[in-house]
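Encoded as C-alpha cells, the structure appears first; notes follow it.
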Amino acid sequence: MGEQPTPSAAGRPRSRRGQGERLRTEILAAVDRLLVEWGSAEKLTIRAVAREAGVAAPSIYLHFPDKAELVWAALEGKYAELAALMRAADAAAEAGGPAGRLRAQVHAYCRFALVDPGHYRLMYEVRQPVVDAERIRRHPARLVSGSLRQALACCRDAGLTVSLPVEQAAHTLWAGLHGIVSLSHTLSPDLEEERLLLGLADGLLGSLLPGDAAARAALAEHGDPGVLRVIRATVLDPQAPVPAAER
C-alpha cells in the first residue's frame, strides 16, 4: 500500500509531498468564504481561517506570512478577473479610437460592479489590513489602475487632450468610478441602475478627455436626459420643478 496522509492537529489529513499548492488553494477558498459571510476582513484571523479550512494554523504560515498577504491573495483573482474584462473590452471596441477603447474599459468596470456587487464591496468598500506605504504598492488592485493608466496614455499619445497628467487622471478616474458605483450600491434605482452608472461614468470621462469645444458646450447645456431623469427621481427634492423636456 502507498503512504497514507497522517492527520494534522486540526483534524485534516496532512498533504502528501507535492500537494502544497492544493492546500494553498483550499486556504484561499476558506478565506473567500469567510469574507463573503462576514463582509469584512476585520474579524478574519489566521486561527479562524485554519478552522474553516480544517488545518493547523502553522500550515497557513507556510504559505502566507501574515493576514494582509492572506486577504490580498484571496482577492487577487477578482482583481485579475476585472482587469482581464477591461482589457477584453478595450480590444473588442470597434469605434472611437483610443477614447472609445478607454470608454469600453470604464463600462466593463461598472458592469463588473453591477454583476458581482458582493466581491466588489470586498475589493473596494471594506477596510483591508493596514500595511506600510512601500508594501501597498504591491496590492493586486494595481492590475486595475494600471489598465486605466495605459489606456489614458494611449489617448495622450494619439494627440487627445487629457486634462491632467496621466497618472493623476487615471487615479481620478478610478476614484470617480468607485464613487459612482458606491452611490449606486447605496441608492440603487433598480431598473435604470446600469443607465445611470454608465451615464455618470461617461460624464466623468468627458471631464478628463474634454474633446472639442462644441461637444463640451452641448454636454454642459443638455447633459444626458436619461441620467438626469434618474438623478431627479432619486436624490433631488420631490418638489423641484421638472423640465418640460422630461415631462
Considering every residue within the range 132-147, establish whether at least one is over 30 Å from residue 33 (Cα atoms) and either without any contact (Cβ under 8 Å) to a residue 60 or more places away in the chain or open to solvent by 60 Å² or more (accessible area, probe 1.4 Å) (or both). no
Counted residues in the range 39-66 being out of contact with any Gly (no Cβ under 9 Å at 6 or more places or on another chain) and within 24 Å of residue 119 (Cα to Cα) come to 18
Residue count, the range 136-149, condition part of a loop (DSSP other than H, G, I, E, B) and not hydrophobic (A, V, I, L, M, F, W, C), comes to 4
In this structure, does residue 153 turn out to be of a type in the set (Gly, Ala, Ser), closer than 19 Å to residue 197 by Cβ and open to solvent by less than 30 Å² (accessible area, probe 1.4 Å)?
-> no
The lone condition residue 56 fails out of (1) at pLDDT below 90; (2) surrounded by 13 or more Cβ atoms within 10 Å (Cβ to Cβ); (3) of a type in the set (Gly, Ala, Ser) is (1)
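For every residue, the table says whether it meets (1) over 19 Å from the mean Cα position of the chain (by Cα); (2) modelled with pLDDT under 90; (3) closer than 16 Å to residue 128 by Cβ; (4) open to solvent by 80 Å² or more (accessible area, probe 1.4 Å).
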| site | (1), (2), (3), (4) |
| --- | --- |
| 12 | yes, yes, no, no |
| 68 | no, yes, yes, no |
| 84 | no, no, no, no |
| 95 | yes, yes, no, no |
When the range 150-167 is checked residue by residue, the ones that are of a type in the set (Gly, Ala, Ser) and assigned to a helix (DSSP H, G or I) are 151, 153
Per the list (1) over 14 Å from the mean Cα position of the chain (by Cα); (2) at pLDDT below 90; (3) open to solvent by less than 80 Å² (accessible area, probe 1.4 Å), residue check on residue 77 breaks on (1)
For the range 97-118, the count of residues that are within 27 Å of residue 43 (Cα to Cα), open to solvent by less than 60 Å² (accessible area, probe 1.4 Å) and at pLDDT 85 or above equals 5
Cβ pairs under 7 Å, 6+ apart or interchain, first in the range 193-208 and within 11 Å of residue 173 (Cα to Cα) and polar (S, T, N, Q), second open to solvent by 30 Å² or more (accessible area, probe 1.4 Å) and not in a helix (DSSP H, G or I), ordered by first then second residue, are 207/163
Residues in the range 98-121 that are part of a helix (DSSP H, G or I) and over 9 Å from the mean Cα position of the chain (by Cα) total 16
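The values are calculated or read from the model by the stated rules, or taken from the named source; none is laboratory data. All values derive from a computational prediction rather than experimental measurement. When we count neighbours, we look across all protein chains shown, and the Cβ atoms used for this are built from the backbone with ideal geometry, even at glycine. These accessible areas exclude ligands, DNA and RNA; they are computed on the full protein's heavy atoms, side chains included. Shrake-Rupley method; radii C 1.70, N 1.55, O 1.52, S 1.80 Å.
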